[in-house]
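Notes to accompany the following structure.
The values are calculated or read from the model by the stated rules, or taken from the named source; none is laboratory data. These numbers were taken from a predicted model, which means no experiment stands behind them. Because the Cβ atoms are built from the backbone with ideal geometry, glycine has one as well, and the counts that use them run over all protein chains shown.
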Amino acid sequence: MSGQTLRKTVEITNPQGLHMRPATAFALLAGKFQSDVRVYNEDRCANGKSLLELFQLVALPGAQVTIEVSGPDAGDALAALAEVINRRVEELPEPPPSAGA
């Protein structure tokens with residue numbers, strides 16, 4: 001993928017860590033960008049567009065996670081994703097209803 005690779009380390013300040021709603025918001029937002037998105041927590045790496053992989057990071061409160069974005073819209077993606085990771089739950093969009101519900 002063309003473009004630059006950018007990284008930013010952020011601390012998880014949400015008292016529940018990177019749980020369902022913030023992880024869902026992160027993955028949905030990451031999917032809107034062309035860039036490749038990776039999230040690192042200690043020795044684990046997750047595709048930032050995969051909700052399941054984000055859960056497997058086990059990013060608890062106080063964890064230092066690094067967001068790495070590479071591609072043509074990396075700057076915009078990194079800024080937006082770093083902002084959404086610690087938004088208060090009431091500021092996050094509701095997850096879309098599941099199919100078949």
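Being at pLDDT below 95 and among the β-branched types (Val, Ile, Thr) is a condition met by no residue of the stretch 59-78.
From the list Ala63, Ala59, exactly one residue is surrounded by 15 or more Cβ atoms within 10 Å (Cβ to Cβ), over 15 Å from Arg7 (Cβ atoms) and more than 12 Å from the chain's Cα centre (by Cα). Which is it? It is Ala63.
For the stretch 19-56, taking the residues that are polar (S, T, N, Q) and touching a Leu at 6+ places or on another chain (Cβ under 9 Å), the one that is surrounded by the most Cβ atoms within 10 Å (Cβ to Cβ) is identified as Ser35. Going by the conditions given, is Ala27 outside any loop (DSSP other than H, G, I, E, B), modelled with pLDDT under 95 and among the small types (Gly, Ala, Ser)? When the stated conditions are applied, Ala27 does not pass them.
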